[in-house]
Amino acid sequence: MAEADIALIGLAVMGQNLILNMNDHGFVVCAYNRTVEKVDKFLAKEAKGTKVIGAKSLKEMVSKLKKPRRVMLLVKAGSAVDAFIDQLIPLLEDGDIIIDGGNSQYTDSQRRAKSLEEKKILFVGSGVSGGEDGARYGPSLMPGGSEKAWPHIKTIFQGISAKVNGEPCCDWVGADGAGHYVKMVHNGIEYGDMQLICEAYHLMRDALGMSEDEMSGVFGEWNKGELDSFLIEITQNILAYKDTDGTPLVRKIRDAAGQKGTGKWTAISSLDLGMPVTLIGESVFARCLSSLKDERVTASKSLKGPSTTKYEGDRKEMVEHIRQALYASKIISYAQGFMLLREAAKEYNWTLNYGSIALMWRGGCIIRSVFLGNIKEAFDKNPGLTNLLLDDFFKDAIHRSQASWRKVCAMAVTLGIPTPCFSTALAFYDGYRSGSLPANLIQAQRDYFGAHTYELLSKPAQFIHTNWTGHGGSVSSSTYTA
Ligand code: 2AM
């Protein structure tokens, strides 16, 4: 009997929690897993007393679904997704929907959407963020793909997603891989936010000599203002957390950061599209540098820095400067993230609604913050906004905080404490607001050694070659574009 609203394949914790979330919202879910025993286990334990049903084969699962059939995959990204899609195709009919809610690369979603649409099956690649808790009680959902699928999944998706002031943190993102692309940029921004918090922590710890409890208090204060966000909140809690011996646990954790790749993908995409998303790039490299722990320990014994890392001025004032530096850098990071989204939309023919993307990130996900509400307002006010920095709210905020931001970067450089993201954000800001950069000299150098030509300020779009040395030819290189 066709009784289930949706099937969900993949009973790891994210899948299980999404099923229970859907059940809470009145949807009947049919659960399936490659290792079929997990279905019975789930029904007998976590899903006991719910309306969730199970299936022992894909055929049985499909037979239990209302039409058009909705099948959501929450399995390991990569070949497992393709394997399930291949098995599902012969079991599905025209207009049925396959949703991939895993951590897939957007390029895979682009490929899958195209090949499934050729088979008249609708494909949705959806970003799902918020971790286990989000999946259970309200994730941020970023669905993209075959737009015809949206009316059939909208009620379920917006029903189970996080809400902010009653508005769902889920909306249609765009065609083919747009959902997974937006999720990827979300993760890149998450890398940046985390690194910015770490730089603030590093300065407070090493330059200001603050204890974990003191720093926890500072993050608690920051969380009451414009930096109010999930990541600041958990940082407050982490710093306050004591190990069994009463000392802060964070102090004992090896300072070598792991990564799963989504930050790196964002950086790669920004290089591919020629967008200066410098803060996310630096945050990925900061993790890479941290993971060279043994090399760093060796180097620390021979490479000298300034004689002290201690700041001698007013600590309380400097804490406020650091807060402002963090806020300004965060504005730059999001401005860069949205620059990347805009360029990707152009490249891949997506119609992205930037205000609605900000709302999707406003709740449910790891980067959720009050700040994203301000971004949504900026795009609501002006959907054609070319850069977040040009919005009055953010422009004023940067103007207010930039003196502090410069002080913090100067202090970090003087004391030899690395702040790659604070610093790159400031360098970007100063570059972006420069009508004149020294790239005229780069053009001259390129023309000098490679006859790559240049344009004159007075004659843009006319490419000229100069014979700089008096020898060599006056023939320009027109094919060399590296
Ligand atoms: P399993 O329980 O049978 O291992 C997270 O790992 C989820 O992805 C699990 O539901 C897991 O199924 C599934 N999974 C991982 N690799 C898979 C593969 N190659 N084929 C099918 N499912 C896979």
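The values are calculated or read from the model by the stated rules, or taken from the named source; none is laboratory data. Just so it is clear, the structure is predicted and the values come from calculations on it, not from any experiment. Neighbour counts run over all protein chains shown; Cβ positions are idealised from the backbone, glycine included.
Check F463 against each of (1) in contact with a helix residue (DSSP H, G or I) (Cβ under 9 Å, 6 or more places away or on another chain); (2) aromatic (F, W, Y); (3) not in a helix (DSSP H, G or I) and name the one condition it does not meet.
It fails just one condition, (1).
Residue pairs, Cβ under 6 Å, 6 or more apart or interchain, first in region 233-257 and free of Cβ contacts under 8 Å to residues at least 60 places away in the same chain, second exposed (fewer than 11 other Cβ atoms within 10 Å of the Cβ). List them.
From residues that are free of Cβ contacts under 8 Å to residues at least 60 places away in the same chain, there are no pairs.
Looking only at residues that are crowded, with 23+ Cβ neighbours inside 10 Å and either small (G, A, S) or modelled with pLDDT under 95 (or both) in region 105-128, which one is farthest from A267 (Cα to Cα)?
A113
Of all residues being in contact with a Ser or Thr (Cβ under 6 Å, 6 or more places away or on another chain) and among the hydroxyl-bearing types (S, T, Y) in region 323-369, which is farthest from P420 (Cα to Cα)? Just the residue, please.
S369
Could you list, in sequence order, the residues of region 60-79 that are away from the ligand (no atom under 16 Å from the Cβ) and among the basic types (K, R)?
Result: K64, K66, K67, R69, R70.
Keeping to region 26-50, report how many residues are surrounded by 14 or more Cβ atoms within 10 Å (Cβ to Cβ), over 30 Å from Y106 (Cβ atoms) and away from the ligand (no atom under 12 Å from the Cβ).
Residues flagged as surrounded by 14 or more Cβ atoms within 10 Å (Cβ to Cβ), over 30 Å from Y106 (Cβ atoms) and away from the ligand (no atom under 12 Å from the Cβ) within region 26-50 amount to 5.
Kindly indicate which of T107, T155 is closer than 28 Å to A47 by Cβ, away from the ligand (no atom under 16 Å from the Cβ) and either touching a residue at least 24 places away in the same chain (Cβ under 8 Å) or outside any loop (DSSP other than H, G, I, E, B) (or both).
T155
Could you please let me know if A451 is modelled with pLDDT of 95 or more and at positive phi?
yes
Conditions: (1) part of a loop (DSSP other than H, G, I, E, B); (2) more than 28 Å from K407 (Cα to Cα). G263 meets all but one. Number of the miss?
Against the list (1) part of a loop (DSSP other than H, G, I, E, B); (2) more than 28 Å from K407 (Cα to Cα), G263 comes up short only on (1).
Out of M61, M72, I need the residue that is at pLDDT 95 or above, more than 31 Å from the chain's Cα centre (by Cα) and crowded, with 24+ Cβ neighbours inside 10 Å. Which one?
None of the others qualify; the one that does is M61.
Taking D272, is it assigned to a loop (DSSP other than H, G, I, E, B), of a type in the set (D, E) and at pLDDT 95 or above?
no
Please work out if A135 is in contact with a Lys or Arg (Cβ under 9 Å, 6 or more places away or on another chain) and crowded, with 22+ Cβ neighbours inside 10 Å.
So A135 does not fit the description; no.
Which residue, of D82, D94, is in contact (Cβ under 8 Å) with a residue 12 or more places away in the chain, acidic (D, E), surrounded by fewer than 17 Cβ atoms within 10 Å (Cβ to Cβ) and more than 16 Å from the ligand (Cβ to nearest atom)?
D94
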